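To start, the structure itself, in structure tokens.
The values are calculated or read from the model by the stated rules, or taken from the named source; none is laboratory data. All of these numbers come straight from a predicted model, not from anything done at the bench. So basically every Cβ, Gly included, is an ideal-geometry build from the backbone, and we count neighbours across all protein chains shown. The protein model used for the area step is the full one, side chains on, heavy atoms only, and it has no ligands, DNA or RNA in it. Shrake-Rupley method; radii C 1.70, N 1.55, O 1.52, S 1.80 Å.
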Amino acid sequence: SGLVDGTGSEAEILGKIRELICMLPANNEDESPYAECADDLNRICADLAGTVADTGLLLAKIADQQYFLELKEDYAKDMVTGFLHLNGQTVGAVANRSVIYDIEGNAENVSDGGLSVEGAEKAARFVEFCDAFHIPVLTVTNVNGFKASEESERRLAKASARLVYTFANATVPKVNVIAGKAYGSAGVVMNSKSVGADMVYAWPEAEIGMMDAELAAKIMYADETAQVQREKAEEYKKLQSSPVSAARRGYVDTLIQPENTRKSVSYTHLTLPTT
């Protein structure tokens, strides 16, 4: 049901409660807590590009002291929610995830990159909480569409509409990093410029558009040879799906290298006082 934030032994749960309380303000009228940052704001995260599938690792790598407190990690695993510090400021994080890596580096297949009903609802509840307590929100987008099934079709429109409303209605600073794909309506609902993101960054290899370039080419040039379809897919990707094209249309503010992500988001108004 998504009601539980974490599981473990009594000692583990008490430890998580202490960690969570240190991240949160005393009440909804208090400012988000600030801790002294001993980490270098300009720290380069050299291997960050390899974590685009498991964004829990990505968020941990860019956080102060490389610490990320994930909540509800066993529910709707295609969506990551939790807290981290950036320049000492508590920030709420929402990110798409398609793979989870264990401590030995083995990959567990979580999803095909689609946004599920449960993932959308989990993200919406978390952003509502952050907005109520004046906590800035950082999103990491890597989604290729909605995860549709016969059961979810009845709830998908309502869940995605709630997520759109939540992001649009939130008054806290909102920053989005498009690290992978941002296709169609699923890309729009993930804190896009269209629904109120204050700043949108994109990695050079990001894909932003209505659909995958190869799929688009197969639809538009269904009667052509495979070679022609490949050529048209490359043309479509350059003209329609590249981050440069998205920036020209105003969907992206700045292109950044993956290793500079911590530096870029740390100097945004995510880390400035919200008064």
What percent does the relative contact order of segment 1-88 come to when contacts are Cα pairs within less than 8 Å and at least six residues apart?
32
Would you compute, from DSSP H runs of 4+ residues alone, the mean residue ellipticity of the chain at 222 nm, taking -39500 (n - 2.57) per run and dividing by the full residue count, rounded to the nearest 500?
-10000 deg cm²/dmol
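Work out how much length residue 224 to residue 101 would gain on full extension: take 0.36 nm times their residue separation and subtract the Cα-Cα distance, in nm to one decimal. It would help to have the intermediate numbers written out before the result.
Values: separation 123, 0.36 × 123 = 44.28 nm, distance 4.02 nm.
Net length gain for the segment: 40.3 nm.
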How much net charge surrounds residue 41 when only the other residues with a Cβ under 15 Å from the Cβ of residue 41 are counted, with Lys and Arg +1 and Asp and Glu -1?
-1
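Ordering 211, 79, 220 from largest to smallest accessible area (1.4 angstrom probe), what's the sequence?
Ranked from most to least accessible, the order is 220, 211, 79.
Have a look at the DSSP beta bridges in the chain and tell me what percent are antiparallel, nearest 5. Let's see the in-between values first.
Values: 16 of 37 bridges.
Around 45 percent antiparallel, to the nearest 5.
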For segment 143-188 and segment 65-141, what is the separation of their C-alpha centers, rounded to whole Å?
14
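In whole percent, what relative contact order does the chain give with Cα contacts below 8 Å and a gap of six or more residues?
On the way: 547 pairs, mean separation 47.7, N = 275.
Answer for the chain is 17 percent.
Of all accessible surface on segment 1-148 at a 1.4 Å probe, what whole percent is carbon and sulfur?
It is 53 percent, rounded to a whole number.
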Once the Cβ-Cβ distance between residue 239 and residue 24 is put in as r, and R0 is 45 Å, what FRET efficiency do you end up with, to the nearest 0.05?
0.50
Considering only protein heavy atoms, what per residue accessible area in square angstrom results for segment 16-80 with a 1.4 angstrom probe?
53
When we measure straight from the Cα of residue 181, which aspartates and glutamates land under 15 angstrom away, once same-chain ones fewer than 8 places off are left out?
54, 78, 112, 205, 207, 212, 214
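Could you tally the net charge around residue 88, taking each other residue with its Cβ under 11 Å from the Cβ of residue 88, Lys/Arg +1 and Asp/Glu -1? Walk me through the numbers before you get to the answer.
On the way: positive: none; negative: 36, 39, 64.
It works out to a net charge of -3.
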Work through the residues other than residue 69 whose Cβ is under 15 Å from its Cβ and net out their charges, Lys, Arg +1 and Asp, Glu -1.
-3
